[in-house]
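Below is one structure; the comments refer to it alone.
Nothing in this text is a laboratory measurement; each read-out follows from the coordinates by a stated rule. Keep in mind that what you see is a predicted model, and the values were worked out from it rather than measured. All Cβ positions, even for glycine, are placed from backbone atoms using ideal geometry, and neighbour counts span all protein chains on display.
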Amino acid sequence: MLKRILFALAACAATAADAQILKIATIAPEGTVWMKEMREAGANIKARTEGRVEIKYFPGGVMGNDAAVMRKIKLGQLQGGAFSGAELSPVYRDATVYSLPFLFNDLGEVEYVRGKVDPLLRAGFEKVGLVAVGLSGGGFAYLMSTKPIANKEDLRATKVWVPQNDRIAQVAFDKAGINPIALPLGDVNTSLQTGLLETVAITTSGAIAFQWHTKVKHAVDLPLTYVMGILAIDQKAFNRIGASDQPIVREELGQAFADLDSVNQRDNESARAALLKLGIVFKAPSSDETGYWRGIGEETRKQMLANNEISRELLDLIAKAQAEYRAKATPAAAGKAP
């Protein structure tokens, strides 16, 4: 009997020792829908792999900004992280392709394009040593400010934020004659409070989740850019997971991020209503201003291509998919606001 007990204990110890623990960092605060979906996927993975794979999350930016997280991944202290496309662009230039300004007309178009392009993005990540197990759209970002912004001159007169490493935003604002302030996402709330920043670009739900809505008072009612969230795991760490368990990890985290697509859309709609109730003023720019900013978007794409900072192959594929979608869309759907 004693031998049996000792054998069972040894087997349990061996199983625990063999378990692959994926430590994943994210800026998403605890309690947000992002964390709820990721935690549910982690629980499912542990159950379906019978404890062979576990995920330990570090939410709320406790592991530092995106650069710090990437360093810790390289050192093996973390195995992955949830990033924006801009945060991953230093590793994979096309990570931020969906976020080119004024690229999409509406969410239906985004969904159609992503069905064609997401597989190429996943393949691109793997070429640079990352496994993109989750891709999710956060929705359209809007310019929000502590000051009214009716035109480009108003915007130039404010202190505008761009995320660190967001090359697309830097090029776009440079084209518009704006000198933005580059800061990590985790520093924005304090910077709005101190006045270091006055204008930011964020989704409506993101403004509430990160508490920026308590600082801003005005929003430009023109979708600026489409925001993507990407859960990336170091390929070497992923390869240490058993071959039979890898599809489970991909499936559960992939499904969690797919679910986030629809959840985020609903959250953005309800968040917009909440912001309006709180007195934040959404004001659409004039048709001349809208035309000016769409022109900036086109110039940005041309500049990024000329600098070889984005893939022509992907942009051409996006353009082809957009043409297909727009040809199929009814006039009412094609003009639907995001």
Inset, instruction - Neighbouring Cβ atoms within 10 Å as the yardstick, rank Phe257, Phe102 fewest first. - result: Phe102, Phe257
Inset, instruction - Can you figure out the FRET efficiency of Glu50 with Arg294, using R₀ = 30 Å and their beta-carbon distance, to the nearest 0.05? - result: 0.05
Legend entry - Amide proton proximity set for Leu183, modelled H, under 5 Å, gap of 5+: Val162, Gln164
Inset, instruction - Neighbouring Cβ atoms within 10 Å as the yardstick, rank Val33, Val162 fewest first. - result: Val33, Val162
Legend entry - Length-normalised contact order of region 2-334 in % [C-alpha pairs under 8 Å, at least 6 apart]: 25
Inset, instruction - Taking the Cα centre of the chain as origin, work out the dipole magnitude from +1 charges on Lys and Arg Cβ and -1 charges on Asp and Glu Cβ, in debye rounded to 20. - result: 580
Legend entry - Charge-dipole axis of region 2-334 as Lys and Arg at +1 and Asp and Glu at -1 on Cβ define it, positive-most pick from Ala182, Val110, Gln77: Gln77
Legend entry - Amide H contacts under 5 Å for Gly139, placed H, 5+ residues apart: Val227
Inset, instruction - Between beta-carbons, use under 13 Å as the cut-off and find the net charge around Leu185, counting Lys and Arg +1, Asp and Glu -1. - result: -4
Inset, instruction - Between the alpha-carbon centers of region 102-136 and region 231-269, tell me the distance in whole angstrom. - result: 13
Inset, instruction - Choose one answer from Gln170, Gln211, Gln255: the residue with the largest mean-square fluctuation in a GNM of the chain with alpha-carbon springs under 10 Å. - result: Gln211
Inset, instruction - Would you tally the net charge around Glu40, using a Cβ to Cβ cut-off of less than 10 Å, leaving Glu40 out, and scoring K and R as +1, D and E as -1? - result: -1
Legend entry - Nonlocal amide H pairs with Gly134, under 5 Å, H built at 1.01 Å: Leu231
Inset, instruction - Calculate for the chain the 222 nm mean residue ellipticity that helices alone would give, adding -39,500 (n - 2.57) per DSSP H run of length 4 or more and normalising by residue count, nearest 500 deg cm²/dmol. - result: -16000 deg cm²/dmol
Legend entry - Nearest-20 debye value, region 171-262 charge dipole, Cβ charges on Lys, Arg, Asp, Glu: 240
Legend entry - Average projection area in nm² (convex hull over Cα atoms of region 2-334, one quarter of hull surface): 18.8
Legend entry - In sequence order, calculated HN-Hα J values of region 219-225 (Karplus, 6.51, -1.76, 1.60; Hz; x Gly/Pro): 9, 7, 7, 8, x, 8, 7
Inset, instruction - Run through the DSSP bridge list for region 15-136 and note the antiparallel percent, rounded to the nearest 5. - result: 0
Inset, instruction - With a length cut of 15 Å (Cα positions projected on each helix's long axis) and a Kyte-Doolittle mean of at least 0.5, go through the chain and give me the DSSP H helices that pass. - result: 2-18
Inset, instruction - Please figure out what share of the DSSP beta bridges in the chain is antiparallel and state it in percent, rounded to the nearest 5. - result: 55
Inset, instruction - Go through region 81-89 residue by residue and turn each phi into a ³J(HN,Hα) via Karplus (6.51, -1.76, 1.60, θ = phi - 60°); whole Hz please, and just put x for glycine and proline. - result: x, 9, 10, 7, x, 4, 5, 8, 4
